[in-house]
Amino acid sequence: MLPAWRPVPSYGSTMTIFVVFGVIFLTLGITLYVMSDRIQMIEVQYNTVCPATNGESKVCNQEIIVEKEMLAPIYVYYELGNFYQNHRRYVKSRSYKQLMGEEVKLKDAAKQCDPVVTNKDMNKEFAYDKVTRLDPDKVAIPCGLIAKSVFNDTYMLSRKQDFSQGANIVIDDSDIAWKSDVDFKFKN
């Protein structure tokens, strides 16, 4: 049996390794710093401009002034505060079977979607077409706390000089869901 080879670090080899790694990490750090310095961020808190009302639909316009030219692609993010979507009751309140496009009976929905099971619990009187009246005692589609707390703000972006002419900037909302969610978890 041959003895295992054990490298014995010398002063020169140790310093060479440290210098090589130091140069690599310094280059990486400078590159990341320069890239992060190019990021333009505009943060607007608009709940003071458009305060919430008693469940009424309301249209509010918020002007955001961009001082410098922004290069594409431009990403728009939305941040919610004090929204505890990882709470156990919130996460469990949904029917996976229903989200996969199958019909769910009231008895099963009551177990899976509690406390938001019916259209009455959801405060939905009309379907999404705003014409079809819903039966208040039928299972809400979709049911559960998650479905009741869906974000519903909409955005329209335009250049100030084009705003009066109705020339909007097109927002690409394709490919915003993971392929696994689209293929295996949720159906229309």
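The values are calculated or read from the model by the stated rules, or taken from the named source; none is laboratory data. Note that the structure is a prediction, hence the values are computed from the model and not measured. Here the Cβ is made from the backbone with ideal geometry for all residues, glycine too, and neighbour counts use every protein chain on show.
Observations
- Summed over the stretch 10-37, the residues that are more than 30 Å from MET70 (Cα to Cα) and surrounded by 10 or more Cβ atoms within 10 Å (Cβ to Cβ) give a count of 12.
- Per this entry, LEU134 is counted among residues that are over 24 Å from the mean Cα position of the chain (by Cα), surrounded by 10 or more Cβ atoms within 10 Å (Cβ to Cβ) and either of a type in the set (Lys, Arg) or more than 30 Å from ARG38 (Cα to Cα) (or both).
- Residues that are at pLDDT below 85, of a type in the set (Ser, Thr, Tyr) and over 22 Å from ILE74 (Cβ atoms) within the stretch 1-49 comprise just one, THR48.
- Of all residues in the stretch 75-125, those satisfying the criterion of being farther than 22 Å from ASP153 by Cα and basic (Lys, Arg) are ARG88, ARG89, LYS92, ARG94, LYS97, LYS105, LYS107, LYS111, LYS120.
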